[in-house]
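The values are calculated or read from the model by the stated rules, or taken from the named source; none is laboratory data. Source: prediction; values computed, not measured. Glycine gets a Cβ as well: all are built from the backbone with ideal geometry, and neighbour counts include every protein chain shown. Surface areas here come from the heavy atoms of the whole protein model, side chains and all, with no ligands, DNA or RNA. Shrake-Rupley method; radii C 1.70, N 1.55, O 1.52, S 1.80 Å.
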Amino acid sequence: MRGSRLALVEQLVVDVADWPRPGITFKDITPLLASPGGFSAAVTEMVAAAPRDVDVVVGTEARGFLFAAPVALALGAGFVPVRKPGKLPRATLDQAYDLEYGQETLSVHADAVAAGARVLLVDDVLATGGTVLAAADLLGRLGAQVVGVSVVLELGSLPGRQRLEDAGLQVSALVRAD
């Protein structure tokens, strides 16, 4: 059963060449989200691979939200969004980071996670690891403990997993593409 769920997830991720710029192959998850069976399979497998005793599931803007919220519900944990600057209404902590094709900044409410909270970080794609490392840094500044990272798709040709493991983070990916 698990193998068929993972195969379905993999089949529903579509490559888009030269987006958002020439030379980049974007992994489009919208067909996965449009498929009730595919979306359910992805969430089921992320929950199965998640560490236990998670207090909060953090999803990164924007596609990470789509997976993090149902994973949080299934784990009986809270959900916290990590957003782009200017999207959160109260005091925030911010962290700039590099992407494989540019720079970005993430923000989290300064009171979003209690010190000592056990956090699962969820995103859709792991590429260079910049987004996850920036989110982990923000959570560390809040005093939280990142107990795992869960992604739908890992780009194996990029150094994301190695960077996260070098930072002491445990990574779970449903599927891997090179």
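Structure data summary
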read-out: For the chain, size of Cβ-based charge dipole, Lys and Arg +1, Asp and Glu -1, in debye; value: 380 debye
read-out: Between region 104-150 and region 33-102, the alpha-carbon center distance in angstrom; value: 10 Å
read-out: Residues whose placed amide H lies under 5 Å from that of SER172, excluding near-sequence neighbours; value: VAL149, SER150, VAL151
read-out: Correct choice for percent of Cα pairs over 23 Å apart that was computed from the model, options (1) 48; (2) 41; (3) 37; value: (3)
read-out: Solvent-free Debye scattering, log10 I(q)/I(0), computed from the Cα coordinates of region 1-47 at q = 0.20, 0.24 Å⁻¹; value: -0.63, -0.77
read-out: Accessible area in square angstrom per residue, region 82-165, 1.4 angstrom probe; value: 41 Å²
read-out: Surface accessible to a 1.4 Å probe, PHE39 within the full protein complex, Å²; value: 60 Å²
read-out: About the Cα centre, charge dipole magnitude for region 59-159 (Lys/Arg +1, Asp/Glu -1 at Cβ), debye; value: 360 debye
read-out: Net charge of neighbours whose Cβ lies under 11 Å from the Cβ of ASP15, counting Lys and Arg as +1 and Asp and Glu as -1; value: -1
read-out: Share of carbon and sulfur in the accessible heavy-atom surface of the chain [1.4 Å probe, %]; value: 52 percent
